[in-house]
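Structure, as structure tokens:
The values are calculated or read from the model by the stated rules, or taken from the named source; none is laboratory data. Small disclaimer: the values here were computed from a predicted structure and weren't measured. Note: ideal-geometry Cβ built from the backbone for every residue, glycine included; neighbour counts use all protein chains shown.
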Amino acid sequence: MKVNCPSCTLSIAGAKSAMGTRVACPDCRHSFYWTDRWHAGESFVVYDLETTGLDPEQDEFIQIAAMRFTAGCLCPEETFASYAKPRRRISSFIESYTGVTNRHVADAKRPEEVLMEFAAWSGDATLIAHNGLRFDSKFLTATCRRHGLPMREVHGIDTIHMSKMLFGKTRGTGHSLDHLIARLRINQQGIRRHDARGDVEILGQAVLGMWQRLGLDRAFNGVQRHGTHLPV
């Protein structure tokens, strides 16, 4: 089977239509994850936030990372990553949990500035996050409102809903990112957890794995979508 490199369009032989198959282009050295089960005509961005706490009305995000799906490919090189400097100091607990310290954000832009850059990068893509409905999406909207940014609505997909479709909703069936890693046998080697850049790479592989198992029609026609907001 062949697949075209999304960077230089070279036709590469021997690519397998499997979950998270990593393909390396021998010409431009672009590498990407590929699947043939693709929802044509829709653009997707997988993203993750690290924050100063759990309350979107009081807390702020301090790191955002995202990876784009292009032409059926999850492309590790097509990424957005940035720290953000909150108004209040990051607590020692959050520093320990996320690995994001006050030193990391000392020279970073404010969250609203970073969000405007992310909005320009992501365009009209559907945003995919784990627990996005209850957490990440609320931080995006709250950041816009807090700073009076003109907003536009974009579609979001919560991978927890995809997990429930695939693995069921029975009591005792967990749907955390750690549960997905175990069920989908995702290789975490060399990836730092609770760092937005590491978690978004894992989540991207999890999305491909669930697409593969659910089948494309069921994955995208059956999954619940929600609205979130980005700056205009």
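The number of residues in the stretch 180-197 being more than 10 Å from the chain's Cα centre (by Cα) and either charged (D, E, K, R) or surrounded by 14 or more Cβ atoms within 10 Å (Cβ to Cβ) (or both) comes to 11.
Kindly provide the set of residues from the stretch 121-130 that are within 15 Å of Pro56 (Cβ to Cβ) and modelled with pLDDT under 95, ordered by number. Those that are within 15 Å of Pro56 (Cβ to Cβ) and modelled with pLDDT under 95: none in the stretch 121-130.
Within the stretch 79-117, the set of residues being of a type in the set (D, E, K, R) and more than 22 Å from Arg193 (Cβ to Cβ) comprises Lys85, Arg87, Arg88, Arg89, Asp107, Lys109, Arg110, Glu112, Glu113, Glu117. The residues of the stretch 78-106 that are free of Cβ contacts under 8 Å to residues at least 24 places away in the same chain and hydrophobic (A, V, I, L, M, F, W, C), listed by number, are Phe93, Ala106.
Could you figure out which of (1) at pLDDT 75 or above; (2) assigned to a loop (DSSP other than H, G, I, E, B) isn't true of Arg29? All conditions are met except number (1).
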